[in-house]
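Shown next, in structure tokens, is the structure this report addresses.
Please treat every number below as a calculation from the coordinates, not as lab data. All of these numbers come straight from a predicted model, not from anything done at the bench. Quick reminder, even Gly has a Cβ in these numbers, built from the backbone with ideal geometry, and neighbours come from all protein chains shown.
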Amino acid sequence: MSTKNGVAAIADEVVGDIQKEAEAVILAAQNQAKESLRVAKEQADRTYHAALEEAKVKAEAEKRKIASLAEVEARNRLLQVKEDLVDQAFEKAFVKLRAYSKTEEYHIYLLKLIEEIAKKMEQKVLVVEVNAKDKGWLTPDMLQRLSKKLHVEFRVSDQTQDYIGGCKVQSEDGKIVYDGTLDNRLNELKPELRAKIAKTLFGEET
């Protein structure tokens with residue numbers, strides 16, 4: 001074998017070895033790239049599904065929150081409607097009571113009311129307070145007749161307040177006070193009125 005041919009053979013052998021090594025490196029790199037791609041894809045899938053689940057959880061939480069807020073708002077609106085109806089009923093009741101306070105029947109009621117309160121309070125001297133309109137009507141003679149009947153001394157208070165009708169009665173020293181005004185009696189009926197409206201209009205039992 002000539003030197004030239006020998007060198008060529010060695011060169012071919014070296015090239016062959018390098019080619020084999022290169023192919024092995026390329027194959028390893030390709031395999032590594034495929035593995036990296038597979039791992040990356042799996043990680044991406046896990047990340048995607050995790051993000052999707054998190055989004056679902058957040059969406060469900062937001063949906064529950066919105067539903068809860070809507071429920072609260074609806075309940076508040078219903079409560080407001082009830083209160084508005086109670087207020088309307090009260091306004092109508094006040095109008096009727098004002099009209100009633102101008103009748104002769106009311107005057108009879110007022111005298112009976114004073115008598116009932118006096119019996120409950122069991123005091124020898126009672127001070128009766130009425131509004132300005134009733135003070136002009138409630139004469140000392142009327143109270144005198146009531147005094148003889150009940151054996152109680154009645155005095156008309158110098159003070160007057162702006163209420164529809166009825167009266168306030170207090171002991172001589174002012175320590176015991178009975179509020180028999182129509183306004184107060186109507187306010188005492190407000191819870192009962194609210195319950196009736198809830199039952200009649202909304203079918204609720206309270």
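Would you mind pulling out the separation of the Cα centroids of the range 142-206 and the range 63-140, in Å?
9
Send over the per residue convex hull volume for the range 104-190, Cα only, as a whole number of Å³.
96
Per the Kirkwood treatment, what hydrodynamic radius in Å, one decimal, follows for the range 144-201 from the mean inverse distance over all distinct Cα pairs?
14.1
Can you give the FRET efficiency for Thr200 and Lys124, using 1/(1 + (r/R0)^6), R0 = 35 Å, r = Cβ-Cβ distance, to the nearest 0.05? Please report the intermediate quantities before stating the final value.
On the way: r = 47 Å, r/R0 = 1.33.
The computed FRET efficiency comes out at 0.15.
Can you pull the one-decimal nm distance between simple spin-label points at Glu73 and Leu186, each 7 Å off the Cα toward Cβ?
3.5
Could you check the simple spin-label distance between Glu115 and Lys82, using points 7 Å along Cα→Cβ, in nm with one decimal?
4.1
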